Amino acid sequence: MLSTALNFKIAFASYKEREPHYAYAPSLEEWDKVEKVCKLLEVFNRATHVISGSEYPTANLYLSEVWKVKEILDMENEDEDLFMREMASPMKLKFDKYWGGCNMLMAIASVLDPRCKFHMVRICFPKIYKSKEVVDENIKKVKHSLEELYDEYVAISLTESSSSSSAINLDNSNQSSSQVNIAPIRTGFDEIMSIIQENEAIPPIKSELQDYLDEGIYIPKSSSFCALDWWRNNSMKSKILSKMAADILVIPISTVTSESTFSAGGRVIDEFRSKLNEESVEALICGGDWFRHKYNVKKKLKVEKEEIYITLKI
């Protein structure tokens with residue numbers, strides 16, 4: 001509403017000059033306040049579209065939006081205008097309270113963006129935390145947590161490979177037991193493959209994670225870049241790290257969109273469904289939202305619903 005009103009700033013002034021009974025035209029001071037408020041809320045508007053849109057983004061995009069919100073709040077909190085300071089100060093207190101600790105998921109997800117790697121963390125953390133000691137401590141936490149998480153995926157991968165090889169050996173032993181009189185024939189290719197597998201079993205000097213971080217950043221040729229597509233295309237090169245990246249990047253910042261929560265809440269949780277548990281309510285809201293997005297079904301306005309109801313009643 002405010003951004004639309006700014007487009008008619010001159011029209012309001014002209015109408016005031018021609019209409020003597022019109023006494024609601026904003027003053028120049030009020031228009032200045034409107035411009036500053038729009039500048040502040042525009043950052044929140046963009047962040048809401050990225051984080052709470054119907055098409056969920058990958059988790060690597062969250063940290064940059066949080067950093068932008070923090071930057072605008074810090075700037076407005078030091079504004080020379082008392083009106084903006086009084087508005088931004090309580091917002092900044094709530095932001096610092098909520099984001100005072102390091103959000104490990106967003107930080108790790110940004111590192112797994114091949115366009116940024118650790119550069120985004122090094123740029124955003126000083127803006128969010130200010131103190132150099134806290135920034136360095138949080139960056140170390142991100143590195144340590146990323147390495148620990150990668151080690152867990154390596155352990156899981158080794159367990160899965162050992163279990164699959166045990167199943168193959170068990171199957172081979174069953175086949176050999178059924179053919180006791182036939183001696184197994186080991187070809188030259190089998191011997192070479194066994195040597196290759198033994199050599200591959202030796203852990204490399206550098207891990208996939210270290211190779212990924214040591215390489216330069218990826219510069220996409222077009223603006224339409226998807227981190228999941230990039231990791232899928234590089235899954236043969238980094239088998240373990242690509243699986244870890246896929247699991248992390250798909251984590252949403254919220255379970256449902258904020259629009260769906262407020263608009264569909266009263267319709268889903270009515271007097272007939274007040275006994276539903278949390279899982280059922282969440283499934284109903286998410287299912288309805290996904291169904292409308294998939295089939296491009298638009299919600300009917302309340303007025304249209306009332307007209308249809310009256311028509312059917314008649």
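The values are calculated or read from the model by the stated rules, or taken from the named source; none is laboratory data. From a predicted model like this one, the values you see are computed outputs, not experimental measurements. Don't worry about glycine lacking a Cβ; one is built from the backbone with ideal geometry, like all the others, and counts go over all protein chains shown. Calculation scope for accessible area: heavy atoms of the full protein, side chains included, ligands and nucleic acids excluded. Shrake-Rupley method; radii C 1.70, N 1.55, O 1.52, S 1.80 Å.
Mind telling me which of the residues ALA246, ALA283 ends up being open to solvent by 60 Å² or more (accessible area, probe 1.4 Å) and modelled with pLDDT of 75 or more? Explain how you work it out, then say what you get.
Numbers: ALA246 fails: open to solvent by 60 Å² or more (accessible area, probe 1.4 Å).
ALA283 is the lone residue from the list that is open to solvent by 60 Å² or more (accessible area, probe 1.4 Å) and modelled with pLDDT of 75 or more.
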Within region 70-90, the residues that are touching a helix residue (DSSP H, G or I) at 6+ places or on another chain (Cβ under 6 Å) and aliphatic (A, V, I, L, M) are ILE72, LEU73, MET84, ALA88
Count - residues of region 104-134 that are farther than 23 Å from ALA246 by Cβ and open to solvent by 10 Å² or more (accessible area, probe 1.4 Å)
11
What helices (runs of 4 or more DSSP H) lie completely within region 17-113 and have 3 or more residues being of a type in the set (Phe, Trp, Tyr)?
82-98
Which ones in region 79-100 are open to solvent by less than 50 Å² (accessible area, probe 1.4 Å) and under 24 Å from LEU149 (Cβ atoms)?
TRP99, GLY100
Find the residue count for region 206-222, including only residues that are farther than 12 Å from TYR150 by Cβ, outside any helix (DSSP H, G or I) and either of a type outside the set (Val, Ile, Thr) or touching a strand residue (DSSP E or B) at 6+ places or on another chain (Cβ under 9 Å) (or both).
7
Could you please let me know if ILE72 is surrounded by 17 or more Cβ atoms within 10 Å (Cβ to Cβ) and among the β-branched types (Val, Ile, Thr)?
yes
Does LYS143 count as among the basic types (Lys, Arg) and at pLDDT below 90?
no
